[in-house]
1. Checking B:VAL221 against (1) more than 27 Å from B:ARG121 (Cβ to Cβ); (2) at pLDDT below 95; (3) not charged (D, E, K, R), which test does it fail?
2. Could you tell me which residue of the range B:9-41 is nearest to the other protein chains (Cβ to nearest Cβ), considering only residues that are in contact with an Asp or Glu (Cβ under 8 Å, 6 or more places away or on another chain) and of a type in the set (Gly, Ala, Ser)?
3. Is it the case, given these coordinates, that B:LEU63 is surrounded by 16 or more Cβ atoms within 10 Å (Cβ to Cβ) and in a strand (DSSP E or B)?
4. Can you run down the residue pairs with Cβ atoms below 8 Å, 6 or more apart or on separate chains, where the first is in the range B:252-267 and closer than 24 Å to B:GLY127 by Cα and the partner is of a type in the set (A, V, I, L, M, F, W, C)?
5. Pairs needed: first member in the range A:5-16, surrounded by fewer than 22 Cβ atoms within 10 Å (Cβ to Cβ); second member anywhere, assigned to a helix (DSSP H, G or I) and among the basic types (Lys, Arg); C-beta distance under 9 Å; at least 6 residues apart or different chains.
6. Can you pull out the residues in the range B:116-163 that are among the aliphatic types (A, V, I, L, M), outside any loop (DSSP other than H, G, I, E, B) and over 23 Å from B:LEU189 (Cβ atoms)?
7. Kindly indicate which of B:GLY113, B:GLY90 is surrounded by fewer than 20 Cβ atoms within 10 Å (Cβ to Cβ), on the phi > 0 side of the Ramachandran plot and either facing chain A (nearest Cβ under 10 Å) or in a loop (DSSP other than H, G, I, E, B) (or both).
8. List the residue pairs whose Cβ atoms are under 7 Å apart, where the first residue sits in the range A:96-110 and is modelled with pLDDT under 95, the second is basic (Lys, Arg), and the two are 6 or more positions apart or on different chains.
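The values are calculated or read from the model by the stated rules, or taken from the named source; none is laboratory data. These numbers come from a predicted model, not from an experiment. No Cβ is skipped: glycine too gets one built from the backbone with ideal geometry, and neighbour counts run over all protein chains shown.
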Amino acid sequence: MNTSEAIDTLQALVHATDGGEPVVLATVVRTRGSTPRKEGARMVVGREGILAGTVGGGCGEGQVLEAAGEVLADGRTRTVEVDLTEDLLTLSPAVCGGILEVRVERVDPS
Amino acid sequence: MTPHLDAAGAARRILDARETEVGVASLLVLDGPNQGARRLVFADGHAEGAMDDAELASALDELGGRFLKGELSAGRRGRDAGTHQVEPPGSDSVPVYAEVYLPPVTLLIVGAGHLALPLTRMGRLLGYRVIVLDDRPDFARSERFPDAESVRLVDFQAPFAQVEIDRTTHVLLVTRGHQYDYECLRRLLLLDEPPEYVGMIGSRRRVRATFHQLREEGISVEDLERVRAPVGLDLGAETPEEIAVAVAAELVLFRRGGTGRPLIEVEGVARRFFGNKEEG
């Protein structure tokens, strides 16, 4: 069963592209180890920032947002590997462990 | 042939399918010459999203069909998303990311009292289509339950007369009195295909009294053991909101299959990694 978040992100995608705005869809397609979110987590990012969803809050989301900015500019789909294991023995607030593979693609208005 | 699908087009079709309650599997090719191609496979048997490679299209249709029939889970531990390798005949295997959207499961809340209010909100948040029943006109009002799909005034002598119940339905019995729980539970257990999840609120005493009556009617102990009563995890909850959290937690546990124990006990990080080695 799909949570209301999964439906919200689909609606955000349709809404933004209907409104003529290109947006970026970031989707967790694979995970290894202990990650804050699993496959299926996604977020929709517009020029002003996140429009809906999350791929894991503090843990690696900054890296995905940075990639989203690049993809919004050049339109080239890429897969971002967010490695949360490196931070494991630091006191960074983003300590989670595990690796997320996030597919980041631009979605243009039709 | 349907046109190529982009993410927004696929999202629109998935939302349409949700409206009409048709299951759909969304498949996205992650690598190889068809990277980025999307295919939607619907439970009514048709598929959308043009593919340049017919062999790949039929391999995707087969994979999607298996998700929709429940033969294969899209992700680990029954998750509804994950990446699979697909091997079309005569070409290299390609990774395919799959998401499965099944029509929402119905959460039927029987009893529209104080507890039904937070239960309805939480049920909606968890993705259920929530239906609330009561026999009191003052309580069974849709204004009280903005998150419910419908609120119905029923007679507890025939509470499910106008409600479709099947094996997938989740039912919570939270009526105001044990005689109503009894009437409703009895009818649920006598269905040809009883719902897979039936929870009933109540103290040990109230549950026992209800079960006692049902035993007198010839309901088997085996059937009674499948009833989740008292419903909810043992959180020490007291207020309606807290009790709703305990019940919602059990619904998540049922769906995802965790242990229901605090993670601190399951993981035991301090003990496992920093405990006294000589003792341990």
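1. Only one criterion in (1) more than 27 Å from B:ARG121 (Cβ to Cβ); (2) at pLDDT below 95; (3) not charged (D, E, K, R) is unmet by B:VAL221, namely (2).
2. B:GLY36
3. Numbers: surrounded by 16 or more Cβ atoms within 10 Å (Cβ to Cβ): yes; in a strand (DSSP E or B): no.
So B:LEU63 does not fit the description; no.
4. B:VAL252/B:LEU126; B:LEU253/B:LEU233; B:ARG255/A:MET1; B:GLY258/B:VAL252; B:THR259/B:VAL266; B:GLY260/B:LEU233; B:GLY260/B:ALA249; B:GLY260/B:LEU253
5. From the range A:5-16, the pairs are A:ILE7/B:ARG18; A:VAL14/B:ARG12.
6. B:LEU117, B:MET122, B:LEU125, B:VAL151, B:LEU153
7. Sole residue among the options that is surrounded by fewer than 20 Cβ atoms within 10 Å (Cβ to Cβ), on the phi > 0 side of the Ramachandran plot and either facing chain A (nearest Cβ under 10 Å) or in a loop (DSSP other than H, G, I, E, B) (or both): B:GLY90.
8. Pairs that qualify, where the first residue is modelled with pLDDT under 95 and the partner is basic (Lys, Arg), are A:GLY98/A:ARG32; A:ILE99/A:ARG32; A:GLU101/A:ARG30.
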